[in-house]
DNA sequence: CAGCGCCGTAACATAATCGTAACATTTACG
DNA sequence: CGTAAATGTTACGATTATGTTACGGCGCTG
């Protein structure tokens, strides 16, 4: 079916995994003072990181979105958009929501620090700082950064959920889901095979603000089943009597 | 429920395989005439490109999505799906939205050319052509290649936005947009298919200097829809309840 | 300064979704 | 088999989110 020369195919399959897995962490430096950029860049590269540099706030957002860095060093004072603004902005988007951000600032005022952390910064570094301190804090935030990353695309059997476009397909069919059905399915797909009680589902999918009858879950399970299965009888939701429901192979 | 090919979703919003920077550019040749394939293949390889070949429209879409070529040479007349269709199709998906496409055609009629460019082709080559011309144009589009979101001309389905001249067309129709509507549409076209919350849109399209009610977004969506759709009922903006809006195929 | 286009908001209209109760069916178990 | 408990299914009124319209204000431009 695919017409490609064997040479190409081998080449590509050789190269692809390499970059994905054991490449160096990429650090985005957001800083307009050339001297500091040079300093940071030199230290980070010496320590085995890859770096890219943004000179202003706009560029920072651009690069953060396109290059998917593993961490961001973000200067407080910037042209076009302040570091604070950039930080808040990045935190609004799923792609960058969980990238660790270390704020750099000339002042060490408590208030600024708190504001920075409020906006979603992970750590805080006061100029002047030693390269050792920088690297230590960087290692720390990178270490902590593991579990946050929710997958953008969830797959279970022939069901695909794309959280970016907010679409669900089963095989080749596009599935339309109401909001609660979507959240319910997402929760199941985040923990495939695991059984959840009605109470647990109410907690996680509904939230604990309003009291809802446990039996209401049944109704939404029914709606989700109907939407997912169409007319075929391949039910991916398993009822575990006395316990709850799980996403499971038919 | 609509039917979509599984290939469409295979890589949707996933990261495409990233090739090492110093590898040769990969060119996808879409052409059913063997003689021309041979010619193109020989010339491209001599000039230092890697090539893969698709013999029909279906295969073209498949390979474009799975192999992430750096550019596509696309014949106008094809089995299964016309080059025009393939072009439009590829432009609908984020992964292939920004791959440069050069259309190949036997005829040099102005009208075809315009239609091709409307569908999102980057350039146009009339058979017979000299290898020199081919390579020159290829170099040109590769040089210009940029992520969709930084492109000067954005294309989604039959909508074209030229940021240089600040013009928007849908099919043959010129669309007049107020400034906010323009920025809103631009943002959607920079991230086709992606859902944005009202808050995110206020951040990116409005900017956060002044506080604006989230519901104001609805009104501008309405105005944009009205301007784009005319009287036809082909709405390219999808409402995702409780979440936001996205640019999407009708 | 009058007219025009654009914007943000509130108010009202419409549509989608939700939660619940009531009834139907299945299951477990003696 | 027969019964009780658990789950499946359905229909419907209430609620909420979104669609739509109209209006006043503001900044330009002629």
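Laboratory data are not the source of any read-out in this text; all were calculated from the coordinates shown. Predicted model only: the values in this text are computed from it and were never measured. Every residue, glycine among them, receives a Cβ derived from its backbone with ideal geometry; neighbour counts consider all protein chains shown.
Under a point spin-label approximation (7 Å from Cα along Cα-to-Cβ), what is the residue A:92-residue B:166 distance to one decimal in nm? Each label point lies 7 Å from its Cα, and together they span 2.4 nm. Extension gain, residue A:199 to residue A:235, is 10.7 nm, computed as 0.36 nm per intervening residue step minus the present C-alpha separation. The relative contact order of the stretch B:140-250 comes to 23 percent, based on Cα pairs under 8 Å that sit 6 or more residues apart.
Taking the alpha carbon gyration tensor of the stretch B:154-247, multiplying each eigenvalue by 5 and rooting it gives semi-axes of 21, 15, 12 Å, largest first. If you take each beta carbon of peptide A:176-187 and count the beta carbons of other chains within 10 angstrom, what is the mean? Mean inter-chain Cβ contacts per residue within 10 Å come to 1.
As a proxy for reagent exposure, A:195, B:168 were ordered by neighbouring Cβ count within 10 angstrom, fewest first; the result is A:195, B:168. By the beta-carbon count within 10 Å of each Cβ, the least crowded to most crowded order of B:166, B:187, fewest first, is B:166, B:187. A straight chain from residue A:52 to residue A:209 at 0.36 nm per residue would run longer than the Cα-Cα distance by 52.2 nm.
Reducing the stretch B:172-191 and the stretch B:56-90 to their Cα centroids gives an inter-centroid distance of 27 Å. According to the square roots a ≥ b ≥ c of the eigenvalues of the Cα gyration tensor, what is the shape class of the stretch A:34-104, taking rounded for a/c under 1.5, prolate for a/b larger than b/c otherwise, and oblate for the remainder? The shape class here is oblate.
Peptide A:154-167 is shielded by partner chain Cβ atoms: per residue, an average of 4 of them sit within 10 Å of its Cβ.
Position residue B:241: other-copy label points at 3.4 nm, ordered by increasing distance, label point 7 Å along Cα→C-beta. With 0.36 nm allotted per residue and the present C-alpha distance subtracted, the residue B:243-residue B:38 stretch has 68.8 nm of extension available.
Put in line by how crowded their Cβ is, counting other Cβ atoms within 10 Å and starting with the fewest, B:160, A:238, A:167 read A:238, B:160, A:167. Across identical copies of the chain, residue A:216 has label-point separations of 3.4 nm, listed in ascending order, with the point defined 7 angstrom from Cα along Cα→Cβ. Approximating the spin labels as points 7 Å out from Cα along Cα→Cβ, the residue A:142-to-residue A:68 distance works out to 1.7 nm.
Mean partner shielding of peptide B:57-64, defined as the number of other chain Cβ atoms within 10 Å of each residue Cβ, is 1. Counting from the shortest, the label point at residue B:129, 7 Å from Cα toward Cβ, is 5.1 nm from the same position in each remaining copy.
Model label points for residue A:77 and residue A:155, set 7 angstrom from Cα along the Cα-to-Cβ axis, are 5.0 nm apart.
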